[in-house]
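The next block holds one structure in the form of structure tokens; read it before the comments.
The values are calculated or read from the model by the stated rules, or taken from the named source; none is laboratory data. Keep in mind that what you see is a predicted model, and the values were worked out from it rather than measured. Neighbour counts run over all protein chains shown; Cβ positions are idealised from the backbone, glycine included. Heads up: the accessible areas ignore ligands, DNA and RNA and are worked out on the full protein's heavy atoms, side chains in. Shrake-Rupley method; radii C 1.70, N 1.55, O 1.52, S 1.80 Å.
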Amino acid sequence: MAPTFDDGNSLFDFVVKDGNGVKGLVDSGITKVPERFIQPPSERIVKVVQSSKDHFSAVPIDLSKLDGPDHDQVVEAIVRAAETLGFFQVINHGVSFDLLESLKNAAHRFFAQPADAKAVYLKRVSPSPLVKYGTSFAPEQEKALEWKDFVSMVYTNDGDAQQHWPKVCKEEALEYLKLSSKMVRRLLEILIGNLGVALDDSRLESLTGNKIVNMNFYPICPNPELTVGVGRHSDMSILTVLLQDNVGGLYVKLEEDILDGRKEEWIEIPPIPGALVINAGDSLQILSNGRYRSAEHGVRTTSKQSRVSIPVFNLPRPSEKIGPLPHVAEVDGGAVYREVMFEEYMSNHVGHAHDGKKSLDFVKIKAN
């Protein structure tokens with residue numbers, strides 16, 4: 001028999017504080033979503049567009065064509081995606097299909113462990129500040145919890161990762177991070193170069209030198225229409241690399257200027273075997289003075305099959321100053337965002353529940 005929770009506090013304790021997570025809730029035998037997880041209608045991903053006509057191509061970008069006869073077309077596709085939807089998919093990216101499959105298996109292995117094996121990494125007790133296990137995004141601040149468990153692994157160096165990351169998934173996660181980092185560097189060089197700016201190696205490294213691998217687990221949900229796996233948000237990264245499995249559920253919000261007066265619409269980023277999803281983050285939008293767009297996105301749940309996704313967040317180092325590149329701001333006739341230490345931006349972002357792209361308001365220069 002499924003456990004009964006007398007009030008929201010006992011549910012919160014079971015799921016969040018005790019580390020049972022949403023998976024523990026589902027494993028207990030619940031047959032309907034508890035009230036604490038029911039999202040207000042405004043937060044659900046409802047109006048979904050089936051076609052990809054709105055500045056999004058479902059055809060992945062082939063990175064092996066860079067430096068060949070089709071180089072300019074590939075660069076144009078990358079730039080156009082960053083300027084419009086903020087999302088695109090890539091193939092021939094340098095991460096093998098076998099590793100991607102092993103990575104998904106590693107994520108399932110981690111979440112299949114007993115609750116007490118995962119709970120050792122809860123924030124208040126984790127043996128290392130580099131590893132955090134939890135559920136939802138900011139449970140203490142959220143009116144409705146997200147239907148997701150996660151483990152987050154901060155990269156400092158190989159030795160720390162080998163010592164502190166969870167044994168059941170560290171090898172695959174570390175290899176994924178290192179191989180995808182080479183691709184991210186190339187993509188960033190292309191995007192920055194398109195702005196008419198050349199940055200030296202040390203600056204490029206500082207802009208992506210803070211790396212975090214997350215493994216996300218979205219259990220089967222009895223009432224998917226009432227919940228979200230992840231609420232509407234943008235990433236604070238420069239670029240995020242995401243591996244999703246074949247279940248699907250990742251959706252991107254179409255910006256108002258794309259919609260030509262239509263109401264809010266969402267489009268799915270469909271799973272493509274062997275492909276990786278790339279999205280621009282807030283830091284890239286700030287750096288480009290708004291020319292590139294961090295994408296507001298979210299995840300829907302499903303009653304059919306549990307889902308995993310594994311993002312690598314490529315972030316500026318905490319001490320790095322982020323602001324519009326001077327050349328770009330000059331050409332644009334002024335900066336849209338003020339310059340801040342990335343640590344400041346990150347603290348503001350993680351201190352609030354997901355709320356679309358409102359985190360950018362923290363640095364936006366208000367018009368007089």
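Observations
- Region 161-205, residues that are without any contact (Cβ under 8 Å) to a residue 60 or more places away in the chain, small (Gly, Ala, Ser) and not in a helix (DSSP H, G or I): ALA198
- Number of positions in region 348-368 that are open to solvent by 70 Å² or more (accessible area, probe 1.4 Å) and more than 17 Å from the chain's Cα centre (by Cα): 6
- Residue identified as modelled with pLDDT under 95 and more than 22 Å from the chain's Cα centre (by Cα) among ARG44, ARG36: ARG36
- Given (1) among the polar types (S, T, N, Q); (2) out of contact with any Asp or Glu (no Cβ under 8 Å at 6 or more places or on another chain); (3) closer than 30 Å to ASN223 by Cα, number of the condition THR135 does not satisfy: (2)
- Entry remark, region 236-247: residues being open to solvent by 10 Å² or more (accessible area, probe 1.4 Å) and outside any strand (DSSP E or B) number 4 in total.
- Looking at LEU177, LEU187, LEU191, just one residue is open to solvent by less than 60 Å² (accessible area, probe 1.4 Å) and closer than 27 Å to GLY229 by Cα, and that residue is LEU177.
- Considering residues of region 262-295 that are assigned to a strand (DSSP E or B) and either under 23 Å from PHE111 (Cβ atoms) or among the hydroxyl-bearing types (Ser, Thr, Tyr) (or both) only, the residue farthest from the chain's Cα centre (by Cα): LEU276
- Helices (runs of 4 or more DSSP H) within region 46-133 that include 1 or more residues of a type in the set (S, T, N, Q): 71-83, 97-111
- The residues in region 296-330 that are open to solvent by 20 Å² or more (accessible area, probe 1.4 Å), part of a strand (DSSP E or B) and farther than 18 Å from MET215 by Cβ can be counted, and the count is 1.
- Extreme residue, surrounded by the most Cβ atoms within 10 Å (Cβ to Cβ), among residues of region 216-226 that are out of contact with any Pro (no Cβ under 9 Å at 6 or more places or on another chain) and in a strand (DSSP E or B): TYR218
- Test: residue in region 143-160 that is without any contact (Cβ under 8 Å) to a residue 12 or more places away in the chain and either assigned to a helix (DSSP H, G or I) or within 29 Å of THR227 (Cβ to Cβ) (or both): yes
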